[in-house]
Amino acid sequence: MYFLQVALCSRPRTVKYRSFNHSDGLTCVVDPKMDPEIEEMVRIAESCALCRCGCCKDECPMYAELLEETISPKGRNQVIRAVVKGVVEPDGRVARIAYSCLLCRRDEMSCAAALKNADATEAFRRYLADSGVPPLPEHALLLKSIENYGNPWQESRAARKRWAKGPSDRRIVRGKTETLFYVGCTFALDRTLQETPRALSRLMERAGVDFGCLLEEELCCGSTVKRIGQSRLYDKLRAENEKALLGTGAKRLVTACAGCFKTLTQDYPGISKKIKVQHSTELLADLVSEGKLKFGRTSLKVTYHDPCHLGRHTGVYDPPRAILRSIPGLKLIEMKNSRELSRCCGGGAGVKTAYPEVAAKAALARLREAEKTGADIVVTSCPFCVQTLKAAAVQSGSRMDIVELSVFLDGLPGPDGKVVK
Ligand code: SF4
Ligand code: SF4
């Protein structure tokens, strides 16, 4: 250990900090409370500065597109370090760099120092926001919508139950229903994706799962808000959600959204310690292995795209594959980059809003990889992956179909060969 001079807002003081053997007499500007995420951000930026490798860049889709040193894992860490040292002012230029990351964690698979660079970037966004740097204009509309309507899509709260119109509105009975189906903003409100909650509901009904939803009372989990560093709004959403979700008395919470799943399992300790949180792929894999869901024969060739939030962030790789492999006759063909090495679709962490062209190119690159497998369909399990890959398929005139896993399963014949739907 050695001592680093830390200027704490306007009150400089010397604090004990971890030694990184720098010779430049590091001067940091950090929050007086030095919360653990910011401390870890500094540690990551400092560790990265000692590395001469830089091989992480080869895997970064943002760097591959923009070819700017600051838009790379190492470059961004250097910017973090410069801002923390007080060499660079935290301003709009710095914010553009901070928001140029998909938080996809692909670089971390080849980082020589096994650094969690996405954690540093996410913490840096919060650091900037807490230092008074305004959100990007492209993010402002999204934040306003969440504040006003509880969703990022500028839709009324009542619109949230639209997907469920039908014989039963599937409303949860508080204190009775065992499983709460948390639909999430994008599956509930994007008309092109509403087939997923419908399909998952039908599959759960078929397997005898006792479930219900909050419908118009459901609120955004705050995933995007957290990823773009707006901690005050995120804390408010989390507190309201914890109260509402625990208030249902449900013993299990299931969601089909990879972003909601990461947030509810990793950023809501008040929920994940009290309720079993499952992604729909985990629940469906359990139902398949218990023999409660069976599918008939198909000759389809399928490839599976791992969403970053479900794969590298939360480690759910096997359940979707186990489901697909249980389908008689189905051929599952892996892409060159799959599981931990999967490439991001471009839809993550506010990049699609702030850098739409880069996001579209990342989606096209992933689609091209899927096409090379010779499969008929890309199956995936995240609303943003479906959106971005579908848009890439339409724009490029690709023959590939992009289908969310529940929708895919719901469209398969039953074991007797008849379509169940
Ligand atoms: S998380 Fe993804 S976009 Fe961000 S630096 Fe790493 S590889 Fe690049
Ligand atoms: S490999 Fe890891 S430690 Fe080395 S420059 Fe890249 S991010 Fe930094």
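The values are calculated or read from the model by the stated rules, or taken from the named source; none is laboratory data. Everything quoted here is computed from the prediction, not taken from an experiment. No Cβ is skipped: glycine too gets one built from the backbone with ideal geometry, and neighbour counts run over all protein chains shown.
Looking at the range 362-379 only, could you name the residues that are at pLDDT 95 or above and touching a helix residue (DSSP H, G or I) at 6+ places or on another chain (Cβ under 6 Å)? Across the range 362-379, the qualifying residues are LEU367, VAL378, VAL379.
Within the range 47-82, the residues that satisfy the criterion of being near ligand 2 (Cβ under 10 Å from one of its atoms) and either over 22 Å from ALA354 (Cβ atoms) or small (Gly, Ala, Ser) (or both) are SER47, CYS48, ALA49, LEU50, CYS51, ARG52, CYS53, GLY54, CYS55, ASP58, SER72, GLY75. Every listed requirement among (1) away from ligand 1 (no atom under 15 Å from the Cβ); (2) under 21 Å from SER100 (Cα atoms); (3) touching a residue at least 40 places away in the same chain (Cβ under 8 Å) is met by GLY347 save one, (1). Any chance the range 139-158 includes a residue that's surrounded by 15 or more Cβ atoms within 10 Å (Cβ to Cβ), away from ligand 1 (no atom under 16 Å from the Cβ), under 19 Å from CYS260 (Cβ atoms) and of a type in the set (D, E, K, R)? Yes, some residue in the range 139-158 is surrounded by 15 or more Cβ atoms within 10 Å (Cβ to Cβ), away from ligand 1 (no atom under 16 Å from the Cβ), under 19 Å from CYS260 (Cβ atoms) and of a type in the set (D, E, K, R). Quickly run through the range 364-391 and pick out the residues that are buried (at least 18 other Cβ atoms within 10 Å of the Cβ) and without any contact (Cβ under 8 Å) to a residue 40 or more places away in the chain. Passing the criteria: LEU364, LEU367, GLU369, ALA391.
Inspect all residues belonging to the range 234-248 and state whether any of them is under 18 Å from the mean Cα position of the chain (by Cα) and basic (Lys, Arg). Checked the range 234-248: at least one residue is under 18 Å from the mean Cα position of the chain (by Cα) and basic (Lys, Arg).
Just one of the numbered conditions (1) outside any helix (DSSP H, G or I); (2) surrounded by fewer than 24 Cβ atoms within 10 Å (Cβ to Cβ) is not true of ALA250: (2).
Taken over the range 187-235, the criterion of being part of a loop (DSSP other than H, G, I, E, B), surrounded by fewer than 22 Cβ atoms within 10 Å (Cβ to Cβ) and of a type in the set (Gly, Ala, Ser) is satisfied by ALA207, GLY208. Among the residues of the range 185-230, the ones that are polar (S, T, N, Q) and farther than 16 Å from LEU405 by Cα come to 3 in all.
All of (1) over 20 Å from GLU357 (Cα atoms); (2) within 12 Å of ligand 1 (Cβ to nearest atom) hold for CYS101 with one exception: (1).
Of all residues in the range 76-89, those that are modelled with pLDDT of 90 or more and either within 9 Å of ligand 1 (Cβ to nearest atom) or buried (at least 21 other Cβ atoms within 10 Å of the Cβ) (or both) total 6. Kindly check whether there is at least one residue in the range 3-23 that is surrounded by fewer than 20 Cβ atoms within 10 Å (Cβ to Cβ), aliphatic (A, V, I, L, M) and at pLDDT 50 or above. Within the range 3-23, not a single residue is surrounded by fewer than 20 Cβ atoms within 10 Å (Cβ to Cβ), aliphatic (A, V, I, L, M) and at pLDDT 50 or above.
Yes or no: the range 340-358 includes at least one residue that is surrounded by 18 or more Cβ atoms within 10 Å (Cβ to Cβ), more than 16 Å from ligand 2 (Cβ to nearest atom), over 19 Å from the mean Cα position of the chain (by Cα) and not charged (D, E, K, R). No, there is no match, as no residue in the range 340-358 is surrounded by 18 or more Cβ atoms within 10 Å (Cβ to Cβ), more than 16 Å from ligand 2 (Cβ to nearest atom), over 19 Å from the mean Cα position of the chain (by Cα) and not charged (D, E, K, R). Just one of the listed residues (GLU195, GLU178, GLU147) is of a type outside the set (S, T, N, Q) and not assigned by TED's automatic domain parsing to the domain that holds LYS276, and it is GLU147.
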